[in-house]
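The values are calculated or read from the model by the stated rules, or taken from the named source; none is laboratory data. Worth saying up front: this structure is predicted, and the values here are computed from it rather than measured. A quick note on method: Cβ atoms are made from the backbone with ideal geometry, for glycine too, and the neighbour counts reach across all protein chains shown.
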Ligand code: ADP
Ligand code: MG
């Protein structure tokens with residue numbers, strides 16, 4: 001496959017996502033077109049219900065758009081059968097979602113190296129130790145997920161995604177359950193990873209968003225604004241404006 005150096009890692013073209021049918025139908029994504037350039041770090045923000053999770057689900061091939069196309073790492077997802085889609089997800093995408101998707105019967109270390117082993121790739125033990133230590137999990141490598149706090153489980157999920165080194169990492173609120181120090185460590189790690197990978201991160205936190213190259217603001221299933229080189233304070237101001245607008249627009253009938 002030939003790829004141009006500037007090809008976007010993920011591209012959505014005129015994507016509509018509707019849940020339900022008829023009078024009860026909800027349009028979560030309303031003709032969204034956006035490209036996430038390779039090796040970029042994008043934060044996605046917006047009021048609750050604005051379509052952020054739907055965007056991530058469609059972009060990551062975890063859900064199919066109602067119409068429009070999604071292209072990931074040069075492959076158009078629309079039309080792929082479930083098996084091919086699953087294979088593409090496993091080989092080229094990484095996920096850090098609110099449900100951590102850690103396997104309960106595997107230890108921290110086994111969970112982290114699982115994608116490498118599934119792909120029959122070499123495991124660099126020293127690199128695993130180093131990464132886990134950096135994320136404050138050095139003493140936890142032989143523990144099971146049920147023995148960890150939510151924040152610790154989240155860090156295991158992040159370690160697993162970063163170590164596997166997929167083309168794109170999708171993260172939904174990866175720092176939501178973390179204290180300030182742990183959040184800063186995770187965000188620094190994602191920031192560094194963007195030198196090799198594409199990061200798309202949903203967050204409510206303006207400070208977290210300020211680690212990204214740009215912020216895409218959603219409102220009512222549409223892109224309301226894009227901010228390059230975000231600074232936390234400006235992000236917070238924009239969020240407040242969007243929140244106020246969403247309340248005015250949606251207040252009467254929701
Ligand atoms: P966000 O992540 O920004 O809070 P979502 O993408 O989760 O927004 O939701 C966008 C809209 O789609 C909301 O109105 C939500 O209620 C609706 N929605 C999301 N998932 C479903 C679903 N599985 N079934 C029905 N409606 C849904
Ligand atoms: Mg959400």
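Can you find, within the stretch 145-184, the residue that is surrounded by the most Cβ atoms within 10 Å (Cβ to Cβ) among those that are under 21 Å from residue 107 (Cβ atoms) and within 16 Å of ligand 2 (Cβ to nearest atom)?
By that ranking, first place goes to 154.
With respect to the numbered conditions (1) surrounded by fewer than 20 Cβ atoms within 10 Å (Cβ to Cβ); (2) within 30 Å of residue 120 (Cβ to Cβ), which one is the sole condition not fulfilled by residue 197?
The number of the failed condition is (1).
Within the stretch 121-162, can you find the residues that are farther than 17 Å from residue 180 by Cα and touching a strand residue (DSSP E or B) at 6+ places or on another chain (Cβ under 8 Å)?
Selection gives 157, 160, 161, 162.
If you take just the helices (runs of 4 or more DSSP H) that sit entirely in the stretch 153-254, which of them hold at least 1 residues that are modelled with pLDDT of 90 or more and within 16 Å of ligand 1 (Cβ to nearest atom)?
Numbers: elements: 180-193, 206-209, 232-250.
Answer list for the stretch 153-254: 206-209, 232-250.
I need every pair where a residue in the stretch 16-39 that is over 30 Å from residue 228 (Cβ atoms) and without any contact (Cβ under 8 Å) to a residue 60 or more places away in the chain has its Cβ under 7 Å from the Cβ of a residue that is assigned to a strand (DSSP E or B) and away from ligand 2 (no atom under 16 Å from the Cβ), sequence separation at least 6 or different chains.
Here the result reads 25/18; 26/18, each pair linking the stretch 16-39 to a residue that is assigned to a strand (DSSP E or B) and away from ligand 2 (no atom under 16 Å from the Cβ).
Can you spot a residue in the stretch 199-219 that is closer than 30 Å to residue 107 by Cα and more than 16 Å from ligand 2 (Cβ to nearest atom)?
Checked against the condition, which is being closer than 30 Å to residue 107 by Cα and more than 16 Å from ligand 2 (Cβ to nearest atom), the stretch 199-219 yields at least one hit.
Can we say residue 30 is surrounded by fewer than 18 Cβ atoms within 10 Å (Cβ to Cβ), more than 15 Å from the chain's Cα centre (by Cα) and away from ligand 1 (no atom under 16 Å from the Cβ)?
No: the conditions fail for residue 30.
Test residue 55 against the criterion of being closer than 21 Å to residue 172 by Cα and at pLDDT 95 or above, and give yes or no. Full working, then the answer.
Values: closer than 21 Å to residue 172 by Cα: yes; at pLDDT 95 or above: yes.
It is true that residue 55 is closer than 21 Å to residue 172 by Cα and at pLDDT 95 or above.
For residue 41, indicate whether it is modelled with pLDDT under 90, touching a helix residue (DSSP H, G or I) at 6+ places or on another chain (Cβ under 7 Å) and closer than 30 Å to residue 149 by Cα. Full working, then the answer.
On the way: modelled with pLDDT under 90: no; touching a helix residue (DSSP H, G or I) at 6+ places or on another chain (Cβ under 7 Å): yes; closer than 30 Å to residue 149 by Cα: yes.
Considered against the rule, which asks whether it is modelled with pLDDT under 90, touching a helix residue (DSSP H, G or I) at 6+ places or on another chain (Cβ under 7 Å) and closer than 30 Å to residue 149 by Cα, residue 41 comes out as no.
Would you mention how many residues in the stretch 7-27 are at negative phi and over 17 Å from the mean Cα position of the chain (by Cα)? Quick ask: steps written out before the conclusion?
Filtering the stretch 7-27 down to residues at negative phi leaves 7-13, 15-19, 21, 23-27.
Still in the running and over 17 Å from the mean Cα position of the chain (by Cα): 7, 13, 15-19, 21, 23-27.
So the count comes out to 13.
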